[in-house]
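The next block holds one structure in the form of structure tokens; read it before the comments.
The values are calculated or read from the model by the stated rules, or taken from the named source; none is laboratory data. Here the structure is a predicted model, which is why all the values come from computation and not from measurement. Note that we place each Cβ from the backbone using ideal geometry, even for glycine, and neighbour counts take in every protein chain shown.
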Amino acid sequence: MKKIVVLLAVMAVSVSIWADEEKKDSVEGFVFTTVDSVAVTSVKNQNRSSTCWAFSTVGFLESEILRKSGKTYDLSEMFVVSHTMLDRAEYVVRMHGDAAFAPGGSAYDVIYCLKNYGMVPQAAMPGIQYGSSKADTLPVHTELDAVAGGYVKGIASNTKLKKLSPVWKKGLQAIYDAYLGVCPQYFTYEGVEYTPMSFAESLGLNPDDYISITSYTHHPFYTQFALEVPDNWRMDQMYNVPMADMMRIIDEAIKKGYTLAWGADVSEAGFTRTGIGVMPDIDNKDNTGSDMDHWVGLSPDEKRKELTEGPCEEITVTQEMRQEAYDNWENTDDHGMQIFGTAKDQNGKRYYMVKNSWGTKKSKYKGIWYVSEAFMQYKTNDILVHKDAIPADIKAKLGL
């Protein structure tokens, strides 16, 4: 009898252990724990506009102000967009249309605006709402882009024009003023009257403190070059470092309390619309599961999509892979976001915490994305960071 009781007890313990393991294995999705996190301002919504570059870098500047002064600011993205697009139009016209006039931009465009035109708070230039009472609704940018694009093309590519009138810029300015609102020359903020330049000076930011970093082999490492992507139309000179150094810069910055503006490619299925960025190894048999027939029948993108539902094995990224993806147009300058922390999943794997500008409603993590190291290595085009956040040995190699 005692043997039967003991046997039943052992079986009960075994079943309990099995149940616990089964429960652990059946956890759906990712479970993240924050490791390091730098303060950021609230998640914004760029809506149907191609202005991620403005939202991500303005958010980066807001975090810089928070880091330096402890004050929270909400700065105007549309002030930056208006000035940047007018500058880009002038550049395209000077090139007689042999350059792209598009609503995209780079992190450097925001720094250029801060230095040359200043900055204003959101309250001084919130953008104009059309047909909605939602506070985060932007103008109908699709319409704006079509109108402004047609105007600039009509000027820049018109072979009948032998000389330009002095008012074409005013006409384009009127378009942006109608859709975005007029850039204020003077405004009052917290009881003090400012110009955009005096307000920028009051923020305590030095535009020259911020530098761009990239990592490609078609230019020498530890030198500068203008990354050849359409939205780097200002020809921002970026510092070129090996991939390992680029990752060290990101890690060191976060540990020191700095955030980074991040330019990345998000076109693949590994970057979900709900908050995950991973680079699944679709050829790894550990990722196939038990239903081999189902797995074999999926396309590569379908396989990647299935593998974003929880922790998975990922590809091992090399410098050569980065270069090949850049050269064959697989990696493009799709999207701008803000890196502000690190986390780990339920298996202890590291991820980067990224603030996006797609609002909070559709994202599982309220506007935050969790991006794996492999994704960061492979899909990063460039980062913008305060030069003091860079490790000392790398800083010395760059001559900073």
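Output the residues belonging to the range 367-394 that are buried (at least 17 other Cβ atoms within 10 Å of the Cβ) and within 24 Å of Asp209 (Cα to Cα). Within the range 367-394, Met376, Thr380, Asn381, Asp382, Ile383, Leu384, Val385, His386, Ala389, Ile390, Ile394 meet the criteria. Residues in the range 40-65 that are under 20 Å from Tyr365 (Cα atoms) and touching a residue at least 60 places away in the same chain (Cβ under 8 Å): how many? Matching residues across the range 40-65 total 12.
One residue stands out in the range 88-108 among those that are crowded, with 18+ Cβ neighbours inside 10 Å and closer than 20 Å to Tyr151 by Cα: the one that is farthest from the chain's Cα centre (by Cα), namely Val93.
The listed residues are Lys364, Lys349, Lys305, Lys355, and the only one of them that is more than 22 Å from Asp382 (Cα to Cα), at pLDDT 95 or above and surrounded by 14 or more Cβ atoms within 10 Å (Cβ to Cβ) turns out to be Lys349.
Filtered by the rule that a residue be touching a residue at least 40 places away in the same chain (Cβ under 8 Å) and among the polar types (S, T, N, Q), the range 168-194 gives a lone residue, Gln173. Evaluate the range 224-245: report whether one residue or more is over 29 Å from Thr84 (Cα atoms) and either aliphatic (A, V, I, L, M) or under 16 Å from the mean Cα position of the chain (by Cα) (or both). The answer is yes; a qualifying residue exists. Flag: Ala200 matches the condition of being surrounded by 14 or more Cβ atoms within 10 Å (Cβ to Cβ) and either at pLDDT below 95 or of a type outside the set (Lys, Arg) (or both).
Yes or no, residue by residue, for (1) in contact with a strand residue (DSSP E or B) (Cβ under 7 Å, 6 or more places away or on another chain); (2) surrounded by 11 or more Cβ atoms within 10 Å (Cβ to Cβ); (3) of a type in the set (Asp, Glu):
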{"position": "Ala156", "(1), (2), (3)": "no, yes, no"}
{"position": "Leu161", "(1), (2), (3)": "no, yes, no"}
{"position": "Ser165", "(1), (2), (3)": "no, no, no"}
{"position": "Gly171", "(1), (2), (3)": "no, yes, no"}
{"position": "Tyr176", "(1), (2), (3)": "no, yes, no"}
{"position": "Tyr189", "(1), (2), (3)": "yes, yes, no"}
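When you check Thr57 against the structure, is it modelled with pLDDT of 50 or more, in a loop (DSSP other than H, G, I, E, B) and either exposed (fewer than 10 other Cβ atoms within 10 Å of the Cβ) or not charged (D, E, K, R) (or both), yes or no? No: the conditions fail for Thr57.
Listed by position, the strands (runs of 3 or more DSSP E) contained in the range 195-272 that have at least 3 residues being touching a residue at least 60 places away in the same chain (Cβ under 8 Å) and not polar (S, T, N, Q) are 210-214, 260-264.
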